[in-house]
Amino acid sequence: MTLRPVVLSALAKDGKPRSLLCKEAWGYDPSETYLKFNEDNAGSIFVCGGFCVWICAEFKWMNTIITPLDLNGQSTTDTNDEAPRLIAQLHLETTLTGDGDNLTDEAFRPKFFNVGIEDGYFATPVDPSQPLATSAHEQSWTKRLVFDNSPFPPASEWKVDAYWGSCDPEGSNCWDDKEFVAYYSLKPKHLDT
């Protein structure tokens, strides 16, 4: 099945939700784990931890709209509504095109995802059990991507080499990450506890 890129209807201030997807990087922990979609249907993924970079790769992507945006609705961030609002649902195809050192050949086959784009106020979805994650978790974002499966290669597609030592990606479990945030915002009062 070949998907053709489409220009999404409207949502971003310039009237193109595709630009909403492409304008900023989408982070699980924005300094260590993120995805970046570019307008030219290329993109990049990055996963690191401590001083180890597990994957820094480019990918190609294509999408089609499953559920179109509500063109008449207001943004949750404009209405001060606390509940997240689904603003688009996409069928996304990605294919890794680089970083063959740590991944098996299977990681470079096309992958398909159902992805929701949500509007609201969201904390950074880092693991709060990590000591350094506390301050990042306090940040607030106004958009969230929610994947049905992680866009990162699953554990079975990573090579296990003795030289990794303390840089074993199993400590990260990035292949479990399904939610990514973007569009930093000052923390709204209703998120204060």
**Asked** Sorted by average packing, counted as other Cβ atoms within 10 angstrom per residue and highest first, what order do 141-147, 102-108, 19-25 take?
**Response** 141-147, 19-25, 102-108
**Prompt:** Can you list residues whose amide H is under 5 Å from L103's amide H, if they're 5+ apart or on another chain and H is modeled 1.01 Å from N?
**Reply:** K159
**Prompt:** Amide H neighbours of T124 under 5 Å, counting only residues 5+ apart in sequence or on other chains, H built in-plane at 1.01 Å?
**Reply:** Q139
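Bear in mind that the values in this text are calculations on the coordinates, not laboratory data. Please read all numbers here as calculations on a predicted model, not as lab measurements. Here Cβ is always computed from backbone atoms with ideal geometry, including for glycine, and neighbour counts include all displayed protein chains.
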